[in-house]
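Visitor: Below is a structure I'd like to ask you about.
Coordinate-derived values only; no laboratory data. Quantities reported herein were computed from a predicted structural model and do not represent experimental measurements. All Cβ positions, glycine included, derive from the backbone under ideal geometry; neighbour counts span all protein chains shown.
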Amino acid sequence: MPKRLVIVGAGISGLAAARGAAEHAAAVPGGLEIVVLERDPRAGGKAATLAEQGYLVETGPTGYLDNDDGMDELVALAGMRAEKLPANAAAARRFLVRGGAVREIFAHPLKFAASGIMSLPGMLRMAAEPLVPARRDGADESVWSFAARRVGRQAADRLIAPMMLGIFAGDAKKLSLPAAFPRLRALEEEHGGLVRGMLARRKAKGAGTPAGPSGVLTSFGGGLQTLPERLAATPGVTVRTGVAVRAVVPRAGGGWTVTTEGGEALPADAVIVAAEPWAAALALRETAPGVARQLDAIPCPPVAVVALGYGAEGLARIPRGFGVLIPRGEGYRILGVLWDTHLFAGRSPDGRLLVRAMLGGGVDPAIGDLDEDAIGAIARAEVARLFGLSEAPVYERTTLWRRAIPQYELGHLARLAEIDRGLAAHPGLFLAGNGYLGVSFAKAGGTGLARGREAARFLGAAPQGA
């Protein structure tokens, strides 16, 4: 009889896990059956691309950075390296709202000083970062606290906090630095500070040692959804949509039984729960209540994505670039606006500009109490005010994700340690997804691939280290 691996969730993590396990299916005595169960009517999770009226709209993540080895391998396994679409050069230009004005963030020190984003005392405090004593006690610390300690409170408020809106849609004062940005913690612990650490890594890079570039924003011609669609078609993998999992419970004699809300009981020799933390908690509540409690404690606030298409006025008034972030306190509810037409080719008809406004997240969870029409109205009004637009958009599409980006808040690493201890008592049960070690599309895909291979090794499909 073939062994069966059941994967709960057909987002990028679950589909990557299926691809990783499928590599070794032929090595399993009797064969390996891989079944992916997805509660939604389509596979891909939040990597959802909408094509309509000549626009190509990402209703979830925009793309991924191409410096993640696991993600690069996943793209290669899907046969999509030739289809990679790097962002346009305009994506290097980033903007920030300060004092109600849209200001460009320049890399050049003199241009940055003249941008008006920081005051002179704030700039001098940033320059003093190498003089700040290092903290090496290993204690948890918020992203904001770390930034305020190393580069000053003004930089933490005006630069770092808005960055957290762009990455996590989260509150910098709640997000855990070692959980969300372990490399920054490592720079301080290993080199004594950020400037010293970056100089040391730049020197190492020059000597031929990887120093970790920021990577190039990348997508595909047909949008980000193209990758999960290709993975879902992996030979030997069965993806079943519209199937909600109720519970994963031990089976008498070994293995697991995956029960669905439709009453099906599917036997499995191993299970990867690649669902969002809240959904994974529901599936594991009966089998591993301690793990479920920790999963439930990972916040996943709502995020709304409002796509707006503009004509000549939008093209003239909105600068070319990646987009703009809006710090709290500037009088806007939107967290930021991405300028998709300038990011990737083919995102809007000629003579049109596609932008996407983001709302909600950890700083505004009440956005989930509104319907999509009300959210769209907020975005329309605020984008018009921000850029001085008088014309209404010619295209609009609002998507509300009621549970969106997991928040790695203070205590997240301790929570993960408790989860690992709880899973150790259940061999053959694995977790994957963006709720644990990286929220990005690339991290979720790369870790999913690794988890699928781990499950294959557990089932005897590959030698250790393969």
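Visitor: What FRET efficiency, computed as 1/(1 + (r/R0)^6) with R0 = 51 Å and r the Cβ-Cβ distance, is obtained for Met1 and Met80, rounded to the nearest 0.05?
Guide: With R0 = 51 Å, the Cβ-Cβ based efficiency is 0.90.
Visitor: Cβ neighbours within 10 Å, averaged per peptide: list 367-373, 13-19, 337-343, 276-282 in order, most packed at the top.
Guide: 13-19, 337-343, 276-282, 367-373
Visitor: Add +1 for every Lys or Arg and -1 for every Asp or Glu among the other residues with Cβ under 12 Å from the Cβ of Val249, and state the total.
Guide: Value of the local net charge: +2.
Visitor: How much mean residue ellipticity at 222 nm does the chain get from its helices, if each DSSP H run of length 4 or more adds -39500 (n - 2.57) and you divide by all residues, to the nearest 500 deg cm²/dmol? All intermediate terms of the calculation are to be shown ahead of the outcome.
Guide: Working: 17 runs with 156 residues, N = 466.
Rounded to the nearest 500, the figure is -9500 deg cm²/dmol.
Visitor: Just rank Ser142, Ser440, Ser390, fewest to most, by other beta-carbon atoms within 10 angstrom.
Guide: Ser390, Ser440, Ser142
Visitor: Treat the count of other C-beta atoms within 10 Å as a stand-in for reagent exposure and order Ile419, Ile105 from fewest to most. Each step should come with its number before you reach the end.
Guide: On the way: Ile419 24, Ile105 19.
Listed from fewest to most nearby Cβ atoms, that is Ile105, Ile419.
Visitor: Using the count of nearby Cβ atoms within 10 Å as a rough guide to exposure, how do Leu217, Leu175 rank from fewest to most? Each step should come with its number before you reach the end.
Guide: Numbers: Leu217 19, Leu175 24.
The fewest-first ordering by Cβ neighbours comes to Leu217, Leu175.
Visitor: Roughly how many nanometres apart are two label points built 7 Å out from the Cα toward the Cβ at Ala244 and Leu413?
Guide: 3.7
Visitor: Excluding Leu338 itself, what net charge comes from residues whose Cβ is under 10 Å from its Cβ, given Lys and Arg +1 and Asp and Glu -1?
Guide: That works out to -1.
Visitor: Additional query: In degrees from 0 to 90, rounded to the nearest 10, what is the angle of the helix 372-387 Cα long axis to the longest principal axis of the chain?
Guide: 30
Visitor: Also, I was wondering about something else. Kindly rank 176-183, 427-434, 76-83 from highest to lowest mean number of other beta carbons found within 10 Å of each residue.
Guide: Listed from highest to lowest mean packing, they are 427-434, 176-183, 76-83.
Visitor: Please go through the residue pairs Lys3/Lys84; Lys46/Lys84; Lys46/Lys443; Lys173/Lys443; Lys174/Lys203; Lys84/Lys443 and name each one whose alpha carbons sit more than 26 Å apart in this structure.
Guide: Violating the 26 Å limit, Cα to Cα: Lys3/Lys84; Lys174/Lys203.
Visitor: Hey, can you grab everything whose amide H is under 5 Å from the amide H of Ala247? Only 5+ residues off in sequence or another chain; H modelled, so Pro and N-termini drop out.
Guide: Residues meeting the criterion, in which the H sits 1.01 Å from N, are Thr259.
Visitor: What does the extension gain come out to for Arg183 and Glu129, with contour length at 0.36 nm per residue minus their alpha carbon separation?
Guide: 17.7 nm
Visitor: Just one of [x] 1.04; [y] 1.67; [z] 0.98 is Rg/Rh (Cα atoms, Kirkwood Rh) calculated from these coordinates, so which is it?
Guide: Computing Rg/Rh (Cα atoms, Kirkwood Rh) and matching it to [x] 1.04; [y] 1.67; [z] 0.98 gives [z].
Visitor: While we're here: When the chain is fully extended, how far beyond the present Cα-Cα distance does Ser145 get from Glu286, taking 0.36 nm per residue of separation? Don't skip to the answer; put the middle values down first.
Guide: Numbers: separation 141, 0.36 × 141 = 50.76 nm, distance 3.81 nm.
Additional length available on full extension: 46.9 nm.
Visitor: Give, in nm to one decimal, the length gained when the segment between Ala265 and Asp40 is fully stretched (0.36 nm per residue of separation minus the Cα-Cα distance).
Guide: Net length gain for the segment: 79.1 nm.
Visitor: Around Leu175, under 12 Å between beta carbons, what's the net of Lys plus Arg minus Asp minus Glu among the other residues? It would help to have the intermediate numbers written out before the result.
Guide: Values: positive: Lys173, Lys174; negative: Asp140, Glu141, Asp171, Glu409.
Residues near Leu175 contribute -2 overall.
Visitor: Given a Förster radius of 35 Å and the C-beta distance between Ala51 and Leu315 as r, what FRET efficiency does 1/(1 + (r/R0)^6) yield to the nearest 0.05?
Guide: In this case the efficiency is close to 0.95.
Visitor: When the Kirkwood radius is taken over all Cα pairs of the range 40-192, what Stokes-Einstein diffusion coefficient follows at 10 °C and 1.306 mPa s, in µm²/s?
Guide: Roughly 85 µm²/s, to the nearest whole number.
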